[in-house]
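What follows is a set of notes on a single structure, which appears directly below.
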Amino acid sequence: MPVRVQTADFDAGREIAALRSGDPRVGAVASFIGTVRDVNEASPVSAMTLEHYPGMTEKALATIVAEARARFDILDALVIHRVGDLRPTDQIVLVAVTSAHRGDAFDACRFIMDYLKTRAPFWKKERTADGTRWVDARASDETAAAQWERDR
């Protein structure tokens, strides 16, 4: 179950094909790609810088994937998260999950993304016409992650 934090962009199709790698048990692949938006909180965003804590971030992501594997019947999962300077439309994150059945693949993909947003040590700084600002965590992300705790 690969986890990567990198500055380079990724080819989602190539990454998903490698994850499946001809495994005949795979009956479903669910994926999510997050991208940089050009507006946040009604303000135009010209760029974003993503920072992380090397070593700690990869460990947190691996723990999230391990939790997904324990909770759902999945075959494999992949998380790629970019850091550094990004512009609107750039890809930020890829989460892909393989499973025998779609329900587990969808649920595990959503679980990983919900926990990544709330438990992985990333910090976002946006550049706007008014200067730079740190992006606060969203209450909706906390609510989504908390739902998984209630559904245990």
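The values are calculated or read from the model by the stated rules, or taken from the named source; none is laboratory data. Everything numeric in this text was worked out from a predicted model, so none of it was measured. Cβ: placed from backbone, ideal geometry, glycine included. Neighbour counts: every protein chain shown.
The set of residues in region 50-63 that are over 17 Å from E149 (Cβ atoms), assigned to a helix (DSSP H, G or I) and not aliphatic (A, V, I, L, M) comprises T57, E58, K59.
Entry remark, region 67-85: residues being surrounded by fewer than 16 Cβ atoms within 10 Å (Cβ to Cβ), in contact (Cβ under 8 Å) with a residue 24 or more places away in the chain and out of contact with any Leu (no Cβ under 7 Å at 6 or more places or on another chain) number 3 in total. In region 135-149 there is no residue that is surrounded by 14 or more Cβ atoms within 10 Å (Cβ to Cβ), out of contact with any Lys or Arg (no Cβ under 6 Å at 6 or more places or on another chain), among the small types (G, A, S) and modelled with pLDDT of 95 or more. Pairs linking a residue in region 1-14 that is loosely packed, with under 15 Cβ neighbours inside 10 Å to a residue that is assigned to a loop (DSSP other than H, G, I, E, B) and aliphatic (A, V, I, L, M), with Cβ atoms under 9 Å and 6 or more positions apart or on different chains, are Q6/V83; T7/V83.
Go through the residues of region 64-84 one by one and say whether even a single one is within 22 Å of R14 (Cβ to Cβ) and either assigned to a loop (DSSP other than H, G, I, E, B) or modelled with pLDDT under 95 (or both).
As a first pass, look at region 64-84 and keep what is within 22 Å of R14 (Cβ to Cβ): 65, 74-84.
Narrowing further to those that are either assigned to a loop (DSSP other than H, G, I, E, B) or modelled with pLDDT under 95 (or both): 83.
Within region 64-84, one or more residues are within 22 Å of R14 (Cβ to Cβ) and either assigned to a loop (DSSP other than H, G, I, E, B) or modelled with pLDDT under 95 (or both).
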